[in-house]
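Read through the structure below, which is laid out as C-alpha cells, and then see the notes.
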Amino acid sequence: MTNGITPRIAPVRLATPANDAEAARFLAQAAFGGDAKSIANLKAKGYDAWLNEQFAMSTDIGYWDWMLSKGYAATSSNPSVHNGAEAVLWRKLMRSPDVLRQRVALALSEIFVVSMVSVTSLWSGYGAAGYMDMLAAHAFGNFRALLEAVTLSPVMGVYLGTRGNQKGNPATGRQPDENFAREIMQLFSIGLYKLNPDGSVKTDASGKALESYGLRDVSELAKVFTGWGFDGQSPTSPEYWRRPMVVRDASHATEAKSFLGVTIAADSGAGAGVRDLKIALDTLFNHPNVGPFIGRQLIQRLVSSNPSAAYVQRVAQAFANNGSGVRGDMKAVLRAILTDVEARSLPQNNYSGKLREPMLRLLQWARTFNAVSASGNWNLRNTSDPDSGLAQSPLRSPTVFNFFRPGYVPPSGVMTDPSLVAPELQITTESTIIGYANFMQRAINGGYGDLTPDYTPWLPLAADVVALTTQLNTVLAAGQISASNLATIQNGISDIVIRTDADRLNRIKAAIMLVMCAPEYLVQK
C-alpha cells in the first residue's frame, strides 16, 4: 500500500467451525477459551449466531453492584485503598456469562488505559469497578459514545489530569494541563501519524511519515478539557466514581480553540464547556485515522499481532460503515475482526497469531476448569509481581501505554523482519517466564486465593494419557501442540502411576501444567 487510493476489499467470512480445534481457536480469540460444552455449542450455532447471541446477552451482576452487595461501601470498610477491586475484576472476568462483552471490555481497558497503580484516591476501588462497567456497557455500542464515556470517566479524569484542569491564566502564566489532550489523540483515537485505510503510514515525497497533529493542536485541544471535575464528592459514599464528570463554566477556557483543522468559536455563555466537548469529540471521531488505528489495536488484542494490511482495511471499512451507513458501530467492527478469513483460517506463516497474555492464560484456566470461589468473596490478589505472579493484572498497567506497546519490537534481534511487532514480548523475560510457571503450578495444584478448580469431569480420562492430552490440547491450545511435543508430555505424565483417585488427579494437574507451558500453547495462532 502506498499513499494512493486503496481499492475496496470485500470481507471473506466463514460460517461454521469445521471441528473442535477450529471452535476452540475462535473461543480463544472471542472469549477466554472454551470447554467441551461451549465448543459443541459454537459448532452447532456457527459464528454469526454465536456472535448475535453474545451481543444480545445480558450480564449478571455488574462490577459496581457486586462490590456494593459485598459491603465494600460500608463505612466500616477502608475506602482509602482498592478494597474489593481485585476480587470484583477477577470474579467478573472468570465467571460472567457474557464472555464476549467481558473479553472486549478487557481489551478496551488495554487501549483506554487507566491504572489503579496511579489512582489511589478515596474509594478508588469503586472507580475501577465503575470504569469496567462503563467499558462493558459500551463494548457493543458506538465508538463515539465510548470515546465520550472514557473522556468523562472520573477515573480517567484523575489518571490523566482532566479532573480539576484549570483554564489558562495570563497573569500567573498558568496553562491548561495537556496530558489528556495528547493521549486522546495519540492513544485513544487517531495515533501519531496519518494513516491510509489499510493502516499503513502516509509519507511525504521524501518518505518521511506525516504527523497526525502538532504541538499547537495539543495546546488548543487542552483548552476543551478545562473546567471538568467530579459530579459531587463524598467521604461516606463512592457514588461520584460512576457519575460522568461535569464542567464548571468558571474554570473552562472561553477563548476560541483551533485544532485538527477545526475552530471552535469563543463562547463564554452557559454550557460552553459541553458544546466545546461535543465539537472536539466529533472531530476526533470523524478523523479518517480512527478506523484503521483502533481496528488494528483491537485485532492485536483479540487475534494477531501482525494483521495484514488487507485485514486492517476490512475492519476499518466496517468501522466507517456498518452496512447501514453507521460509522463507529462496535458490533460491526467486532464481527469483522472475528469472522475475517485471516482470523478464521489457520495461518500458514510464522508471524501470525500472538503471544497469549499471562492474565488471559489464567482466565482461560479458570473458565475451562470451572474455578469458583469457595467463600463467594473471590479473595484473589493483584498478580502484577513478575517473580511470583503474572507480570500483569487487570487495570494495573504501569503506564498509560499499557503493559506493552502495540508496536513493540524485541531488541535482541530475534525478529528478523523489522516490520513485525510482538507487543506481549515486552513483558516476557527470563524472570516472568519462570514466575508464570511457578504461579500456574501453584494455581493448578492448589487453587488461587480461595479459588478452587473442578477437575472431576477429567478423571475418567486420567488412565488414558493419549485421550487426556489430546483433549487438553484441543480445549486449551486449539490442537496446536505438535505430535512430538504432545508425545513428550505423554511420556512425562505416564510416570505418574495410577493406583488411587489422588493419582488420577495428580496426572491431570501435571498434564494441564505441561500443556499450559508448551510453546505452541503460549503462542495463540
| task | With all protein chains present, calculate the accessible area of PHE230 using a 1.4 Å probe and round the result to the nearest 10 Å². | result | 10
| remark: Scalar couplings 3J(HN,Hα) for the range 374-385 by Karplus 6.51 cos²θ - 1.76 cosθ + 1.60 (θ = phi - 60°), nearest whole Hz, x for Gly and Pro, are 4, 8, x, 9, 6, 6, 10, 10, 4, 9, 6, 4
| request: Work out the P(r) tail for the range 325-410: percent of alpha carbon pairs separated by more than 19 Å, whole number. | output: 63
| said: Taking the Cα centroid of the range 451-525 and of the range 189-242, what is the distance between the two, rounded to the nearest whole Å? | reply: 47
| said: Once neighbouring chains are kept in place and the probe is 1.4 Å, which whole percent of the accessible area of the chain is contributed by carbon and sulfur? | reply: 54
| Each residue of the range 229-238 in order: what ³J(HN,Hα) in whole Hz does its phi give by Karplus 6.51 cos²θ - 1.76 cosθ + 1.60, θ = phi - 60°, with x for Gly and Pro? | x, 4, 8, x, 8, 9, x, 10, 8, x
| message | Suppose the Debye formula is applied to equal point scatterers at every Cα of the range 58-131; what is log10 I(q)/I(0) at q = 0.11, 0.16 Å⁻¹? | response | -0.27, -0.56
| note | From DSSP H assignment alone, runs of 4+ in the chain each adding -39500 (n - 2.57), the sum over residues rounded to the nearest 500 puts [θ] at 222 nm at -13500 deg cm²/dmol
| Residues of the range 125-183: accessible area per residue with a 1.4 Å probe, Å² | 33
| message | If the reach is capped at under 23 angstrom between alpha carbons, list the lysines near LYS354, excluding any in the same chain fewer than eight residues apart. | response | LYS331, LYS525
| field | Residue-level accessible surface for VAL333, protein heavy atoms, 1.4 Å, Å² | value | 0
| field | Rounded if a/c under 1.5, otherwise prolate or oblate - the range 96-231, Cα gyration tensor axes | value | oblate
| note | FRET efficiency for GLN233 and SER412 from the Cβ-Cβ distance with R0 = 45 Å, rounded to 0.05, comes out at 0.40
| message | With a 1.4 Å probe and all protein chains kept in place, how much accessible area does GLU211 have, in Å² rounded to the nearest 10? | response | 120
| query | Mind listing the Cα extents of the range 16-109 along all three principal axes, in Å, largest one first? | reply | 55, 23, 21
| Rounded if a/c is under 1.5, else prolate if a/b is larger than b/c, else oblate: which is the range 189-322, with a ≥ b ≥ c the root eigenvalues of its Cα gyration tensor? | oblate
| What list of ³J(HN,Hα) values in whole Hz, one per residue of the range 90-100 in order, does the Karplus curve 6.51 cos²θ - 1.76 cosθ + 1.60 (θ = phi - 60°) give from phi, with Gly and Pro shown as x? | 5, 4, 5, 5, 8, 10, 4, x, 7, 5, 5
| field | Where TYR213, TYR351 fall by accessible area, highest first, once all protein chains stay in place (1.4 Å) | value | TYR351, TYR213
| message | What translational diffusion coefficient, to the nearest whole µm²/s, does the range 279-324 have by Stokes-Einstein, given a Kirkwood radius computed over alpha-carbon pairs, a temperature of 10 °C and 1.306 mPa s viscosity? | response | 144
| task | May I ask you to derive the FRET efficiency for ASP249 and ASN370 from their Cβ-Cβ distance with R0 = 51 Å, giving the value to the nearest 0.05? | result | 0.45
| request: Find the relative contact order for the chain and round it to a whole percent, using C-alpha pairs within less than 8 Å whose residues are 6+ positions apart. | output: 17
| task | May I ask you to list the lysines whose Cα is less than 22 Å away from that of LYS202, ignoring any residue fewer than eight positions away on the same chain? | result | LYS194
| Cα convex hull of the chain - mean projected area over all directions, nm² | 26.4
| query | Pulled fully out, how much extra length does the chain show between VAL201 and ASN19, if you take 0.36 nm times their separation in residues and subtract their Cα-Cα distance? | reply | 61.7 nm
| query | How big, in percent, is the set of alpha carbon pairs in the range 367-449 lying more than 16 Å apart? | reply | 62
| request: Send over the per residue convex hull volume for the range 294-371, Cα only, as a whole number of Å³. | output: 112
| said: Need one word for the range 467-522: rounded, prolate or oblate. Basis is the Cα gyration tensor (sqrt eigenvalues a ≥ b ≥ c); a/c below 1.5 gives rounded, then a/b vs b/c decides. | reply: prolate
| message | So, for the range 388-448, what is the accessible surface per residue at a probe of 1.4 Å, expressed in square angstrom? | response | 46
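The values are calculated or read from the model by the stated rules, or taken from the named source; none is laboratory data. None of the values given here were measured: they were computed from a predicted structure. Cβ sites come from the backbone with ideal geometry, for glycine too, and all protein chains shown count toward neighbours. The area values use the complete protein model at the heavy-atom level, side chains included, leaving out ligands, DNA and RNA. Shrake-Rupley method; radii C 1.70, N 1.55, O 1.52, S 1.80 Å.
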